[in-house]
Amino acid sequence: MESRLDYFGHPLAGKVLKHINSANKVVSDSTLPAATQELVRIRVSQINGCGFCTDMHTKDAIAAGEAMQRIHLVAAWREAKVYTDAERAALEVAEQGTRIADAAGGVTDEAWTNAAKHFDEDQLVALIALVAVINAYNRVNVITQQPAGDYQPGQFG
């Protein structure tokens, strides 16, 4: 598989990615737990069928010490006992926030209230931004058909 165009090497795309990357850095530096962030990135990327980001974030999670079982089960997190209640709440918001067209109104009040039990306002802001940012990355990569499999942890800084 080859990319439809060299998006990462294109000057205009570089300007766009600079801003998305800046938003991602703000989220990464937030108090939203790093493990939760990576689980959300993986799950959203799975939903969107983004092989490039799924490859990247599973490898980054492994490099950060995440348990393989948790990585393997994230697609079936509702049935898995390996996630905290807070992680489950974040994954629910991430799924509903990603599947807006399917969710008939977006994130439900129930999902939001549950997340608010586990995260403070800054963390909720970070969670919303994280869902938005990873969806943006996924769309760039899916549209351009970025191939997956060659990512090395830390490759992008």
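The values are calculated or read from the model by the stated rules, or taken from the named source; none is laboratory data. None of these values were measured; they are calculated from a predicted model. Glycine gets a Cβ as well: all are built from the backbone with ideal geometry, and neighbour counts include every protein chain shown. Note: areas computed on protein heavy atoms with side chains; ligands, DNA, RNA excluded. Shrake-Rupley method; radii C 1.70, N 1.55, O 1.52, S 1.80 Å.
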Inset, instruction - As a check on your grasp of the helix formula, calculate [θ] at 222 nm for the chain: sum -39500 (n - 2.57) over DSSP H runs of n ≥ 4, divide by the residue count, round to the nearest 500. - result: -20500 deg cm²/dmol
Inset, instruction - Please work out the C-alpha center-to-center distance from the stretch 11-63 to the stretch 108-157 and express it in whole Å. - result: 6
Inset, instruction - Compute the relative contact order of the chain as a whole-number percentage, counting only Cα pairs closer than 8 Å that sit 6 or more residues apart in sequence. - result: 41
Inset, instruction - Name the residue, out of 121, 87, 95, whose mean-square fluctuation peaks in a Gaussian network model built on the chain with Cα pairs under 10 Å. - result: 121
Inset, instruction - With all protein chains present, calculate the accessible area of residue 118 using a 1.4 Å probe and round the result to the nearest 10 Å². - result: 70
Inset, instruction - Starting from the residue with the highest accessible area, list 110, 66 in decreasing order, probe 1.4 Å. - result: 110, 66
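Probe radius 1.4 Å, ligands and nucleic acids ignored: give me the carbon and sulfur share of the accessible area of the chain as a rounded percent.
56
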Inset, instruction - Would you rank 107, 74 by solvent-accessible area, highest first, keeping every protein chain in place and using a 1.4 Å probe? - result: 107, 74
Legend entry - Computed FRET value (nearest 0.05) for residue 100 with residue 150, which takes r as the C-beta separation and R₀ as 41 Å: 0.85
Legend entry - Projected label distance in nm at residue 4 and residue 67, using a 7 Å step from Cα toward the beta-carbon: 4.0
Legend entry - q = 0.20 Å⁻¹: log10 I(q)/I(0) that the Debye formula gives for the chain, counting C-alpha atoms only: -1.40
Legend entry - Listed residue (40, 58, 3) projecting farthest to the positive dipole end of the chain, Cβ model: 3
Inset, instruction - Could you pull out every whole DSSP H run in the chain that spans at least 24 Å of Cα extent along its own axis and averages -1.0 or higher on the Kyte-Doolittle scale? - result: 11-28, 121-144
Legend entry - Solvent-accessible heavy-atom area per residue, rounded to whole Å², over the chain at 1.4 Å: 55
Inset, instruction - Starting from the Cα of residue 18, draw a straight line to each of the lysines and keep only those under 28 Å, dropping any in the same chain fewer than 8 residues away. - result: 59
